[in-house]
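Before any comments, here is the structure.
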Amino acid sequence: MTPTNFPRIIYFNPGANYSENTDFRNPPMNEEEIHEIPEFKFNQNQDSSEKKNCVICMEDIEQEENVKLLHCSHLFHSECLNKWLLEKSTCPMCMTSINS
Ligand SMILES: [Zn+2]
Ligand SMILES: [Zn+2]
């Protein structure tokens, strides 16, 4: 059997794909909504030795990096959070719904 004769048993079905990846209670956010979350530069209190960690990329959040703070008071790299929110509208840390 050559690859060209191989029966096409795998059909691309965007509808099925969509329902598989979507949690209907927490549908993904659109880019407009994501941009409404205020972005700021991380500026750690000099007195604090505690390192902030972004759970999405597992890297430390460094001084002057662009970050976003969710209403559950969890902090993430802005870039990491933007990508995350295109798929889910929950906090990556505590799974609280961001739209609520
Ligand atoms: Zn990150
Ligand atoms: Zn949270």
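Just one of (1) in contact with a strand residue (DSSP E or B) (Cβ under 6 Å, 6 or more places away or on another chain); (2) modelled with pLDDT of 85 or more fails for L86. It is (1).
Taken over the range 63-83, the residue count meeting the criterion of being within 12 Å of ligand 2 (Cβ to nearest atom) and closer than 13 Å to H35 by Cα is 4. In the range 50-100, of all residues being of a type in the set (D, E), free of Cβ contacts under 8 Å to residues at least 24 places away in the same chain and away from ligand 1 (no atom under 13 Å from the Cβ), the one that is surrounded by the most Cβ atoms within 10 Å (Cβ to Cβ) corresponds to E64.
The values are calculated or read from the model by the stated rules, or taken from the named source; none is laboratory data. It should be emphasised that the depicted structure is a prediction, and the values quoted were computed from it without experimental measurement. A quick note on method: Cβ atoms are made from the backbone with ideal geometry, for glycine too, and the neighbour counts reach across all protein chains shown.
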